[in-house]
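As structure tokens, the structure follows; a few thoughts come after it.
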Amino acid sequence: MRALFTLLRSLIADIASTFVTGTRKPQITPTHADVSYGPHALNVLDLWIAKRDGPRPLLVYIHGGGWNKFGKQQDTSFYQPFLGKGISCAAINYRLTGEDPLPAPVHDAARAIQFLRARAADWNIDINHIALTGSSAGGCTAMWLLLHDDMADSTSVDPVLRESTRVCAAGVSEAQTSIDPLVIQDWIGPNVLKHGMINSAVGERTIEAALNNYERHRAMYVEFSPYNHIDRHDPPLLMTYGGDMSLPSKNAAHAIHHPMFGVKMKEKADRIGHECHLLIPRISKSDKYSTMNAFLMDMLLMK
């Protein structure tokens, strides 16, 4: 039922967008649609296979929505520049925290990467060139996978879980580098705690409940904050944010996507010697990349 609701909401958004603008970019039909990668109804992915010879790099899109709404459906013209360069693309759904709090959404994304690796021969995937992208909570998941130790379990009876979760790069936008309420309130101000992502991540209906039970949830908040996993050996990361650096943040929506998330990660990356690029208009730029697409293409097409 939840999967159907997510699909209907996405379709309604598409119709509304077309009504307002009067136009809609041509959409690209997946080579494979709604492929099941795990045991749950929302464990499905779409795959666009690039029409080139030899194993192809793969870009995986992880949708945002605070881990508690939306789905993989988006304007698929986003994938066209990558497909044109011979880069295959995938988009995943995952369980949502309204019913399945952490670790479900993030571990589902990890399994999706493992599943794609397991099907590499069938789908012509270059397993050494898999990169991630996503915005907001999807970007948070992408960073977590980029920076976290490999989750491959060589002893698992499930062959998918024997595959690596490691990727070669991640490019994310307006993503949370920490979800620990005590940390991010200090970084950004109290409005960040008004966003439902923070309490629903750990299965609490309100932020008051999450804070009252903080010691019970602390390990989960620490574990799923990408900031806590970065080291100098991790693959490259590029982050983009809007240019409003106002502190304290203006409201919950501004707070949960605040550029300070990126500033804090970039400061730590620079201290430890990790390759990290931060793009914030008028505030931060990269010496190598002016756009996320340029970064992702460079990482995926690197020999």
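The values are calculated or read from the model by the stated rules, or taken from the named source; none is laboratory data. Here the structure is a predicted model, which is why all the values come from computation and not from measurement. Glycine gets a Cβ as well: all are built from the backbone with ideal geometry, and neighbour counts include every protein chain shown. Surface areas here come from the heavy atoms of the whole protein model, side chains and all, with no ligands, DNA or RNA. Shrake-Rupley method; radii C 1.70, N 1.55, O 1.52, S 1.80 Å.
Expressed as a whole percent, the accessible surface of the chain that belongs to carbon and sulfur atoms is 54, based on a 1.4 Å probe.
Considering helices alone, the calculated mean residue ellipticity of the chain at 222 nm is -10500 deg cm²/dmol, with DSSP H runs of length four and up weighted by -39500 (n - 2.57) and normalised per residue.
For the peptides 256-264, 201-209, residues were scored by their other Cβ atoms within 10 Å and the scores averaged per peptide; the highest-first order is 256-264, 201-209.
The label-point distance for LYS288 and ASP150, in a model that sets each label 7 Å from Cα toward Cβ, rounds to 2.2 nm. Based on C-alpha pairs under 8 angstrom that are at least 6 apart in sequence, the chain has a relative contact order of 16 percent. Determine, from the Cβ-Cβ distance of ARG216 and LYS25 and an R0 of 45 Å, the FRET efficiency 1/(1 + (r/R0)^6), rounded to the nearest 0.05. Between ARG216 and LYS25 the formula returns 0.45. Starting from the Cα gyration tensor of region 27-98, take the square roots of the eigenvalues, sort them a ≥ b ≥ c, and report rounded, prolate or oblate (rounded when a/c is under 1.5, otherwise prolate if a/b is larger than b/c, else oblate). Prolate. Normalised by the number of residues in region 108-185, the mean separation of alpha-carbon contacts (under 8 Å, six or more apart) gives a relative contact order of 38 percent.
Past the 32 Å Cα-Cα mark, which pairs from LYS25/LYS266; LYS268/LYS303; LYS72/LYS194; LYS85/LYS250; LYS72/LYS266; LYS85/LYS285? Beyond 32 Å between Cα atoms: LYS25/LYS266; LYS85/LYS250.
When ligands, DNA and RNA are left out and all protein chains stay put, how many square angstrom of accessible area per residue does the chain have with a 1.4 Å probe?
On a per-residue basis, the chain sits at 45 Å².
In the chain, a dipole from Cβ-located charges (positive for Lys and Arg, negative for Asp and Glu) runs towards its positive end, and of THR97, VAL192, PHE78 it is PHE78 whose Cα lies farthest in that direction. With a ≥ b ≥ c the root eigenvalues of the C-alpha gyration tensor of the chain, is it rounded (a/c under 1.5), prolate (a/b larger than b/c) or oblate? Taking the square roots of the gyration eigenvalues as a ≥ b ≥ c, the chain is rounded. Across MET245, MET292, MET197, mean-square fluctuation computed from a Gaussian network of the chain (C-alpha pairs under 10 Å connected) peaks at MET245.
A 1.4 Å probe, protein heavy atoms only, puts the accessible area of CYS168 near 30 Å².
If you run the Gaussian network model on the chain, springs between alpha carbon atoms under 10 Å, then out of ASP122, ASP231, ASP75 the most flexible one is ASP122.
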